[in-house]
Structure formats: structure tokens, C-alpha cells
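The numbers here are math on the coordinates, done by the rules we state, and not lab data. In this text, all values refer to a predicted model and were calculated from it rather than measured experimentally. Methodologically, a virtual Cβ is constructed for each residue, glycine included, from the backbone with ideal geometry; neighbour enumeration extends over all protein chains shown.
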Amino acid sequence: MTQARSRLRHLPNALTILRLLMALPIAALVVADESVAAMSLFIAAGISDGLDGWLAKRYGWQTQLGGWLDPLADKALVLSVCTALMLHGDLPPWLFALIAIRDAVIVGGALAFHFNFAPLYAAPTLLGKLTTLAMLLLVVTLLWHNISGDVVVWLVDGLIYVCTALLLASGIDYVRRWSGKARRIARHAANQSERRP
């Protein structure tokens, strides 16, 4: 029983890796105009995102690797599918550019902080989670529009505006948090060096 439970502790990371591997096939299905299959896989990926987090927290299976893999898989999935939606003519290029720039700033900032100041344990903020949720809703809405054509324009436009606001707010929030932590660490290091004889 203990051995089986020990094996299961890797299940959250396995689900995260599976979600990461699903990104390109889903994007390819979008470009190929296979919206039903793309939407089915995208929803499955979204369910796996909630499931791996629940399992990790419920059974204490959180790992540092999982903390890094989970947001990476989310970003890869959203960015890949948004690339495909832009190429398909469904997503405005300026919104795709904003998504790509924001993710590049977050990943670059996280790596810079991790290697220059202190180990960084990935912990999405509330704004970050809301941004991901809004992006997932936008993707599902656009895919459903491709399938049925029933989605009203104001809903798509509204989600685009919400995503834009959240992308900007969460990006600024991440930069503010990390720069603040970096300043505190640098100040502490300077104070420590001044106290040394």
C-alpha cells in the first residue's frame, strides 16, 4: 500500500507533463480547422490542470519541480493555442503579442531572480490565476464560435478586454513583487556586509 502510494505521488507531475505535451497537437488541430477535436483536448487539458493541483495539495505531493512545471505547462498551452488562433484569424495579433511579451517578462524575471538573488518557488498570484482563467475562457469561446458560430460578438470582445486588463495588471504585479523582493535581498546583503569587521 505504501509502495503504491509512493508511486502515485508522481501523478500530479505526470498530468502536468501530459498537459505540456498536448499543447502542440491542440494548436495543430486549431490550424487544421478541427475545432471539435481541439476543444475536446483543450477542455481535457484544463481538467488535468485542476486535477494535478488538487491531488498535490490534497495528499501533500507538492514538489519544487511541480511548482515550476505547472505554470510552464499553462503558459505553453495557452501560448501555443493562441498562436494557432491568431494564424486562424480568430485572435487579434496585438493581443497575441501582449500575451507573448507578458509571458517572456514573467519567465525572464523569474529566472533572473532565481539565479541572481534567491531560489524562487513558483507560486501563482490571485491576479495570475484570474488571468489564466480568463484566457482559458477566451480560448474556449473562440473554439466554440468556430464550431457553432453562435457566439455573440460582444461576448468575445468583452473577454478580449478583460484578458487585456488582466494581462497588463498581472504582468505589472509580478514585476513589482519580484523587484521588491530583489531590493529587500540586496539591502539585507548590504547591511550584512557593513556589519562585518
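Classify the stretch 28-142 from the C-alpha gyration tensor, please: rounded if a/c falls under 1.5, else prolate or oblate depending on whether a/b exceeds b/c. Oblate, since a/c reaches 1.5 and b/c is not below a/b. For the chain, averaging the sequence separation of C-alpha pairs within contact (under 8 Å, six or more residues apart) and dividing by the residue count gives a relative contact order of 23 percent.
Treat the chain as a sphere of radius equal to its Kirkwood radius over Cα pairs and apply Stokes-Einstein at 25 °C in a medium of 0.890 mPa s; give the translational diffusion coefficient in µm²/s, rounded to a whole number.
Values: Rh = 18.4 Å.
D = 133 µm²/s.
The ALA14 and VAL152 beta-carbon pair, evaluated with R₀ = 41 Å, returns a calculated FRET efficiency of approximately 0.55. Taken over the stretch 3-75, the percentage of Cα pairs per 10 Å bin, counting from 0 up to the bin with the maximum distance, is 20, 46, 24, 9, 1.
Each other residue within a Cβ distance under 14 Å of VAL140 adds +1 if Lys or Arg and -1 if Asp or Glu, for a net charge of -3. Counting only lysines at least 8 places from LYS75 when in the same chain, those with an alpha carbon closer than 20 Å to its own are LYS129.
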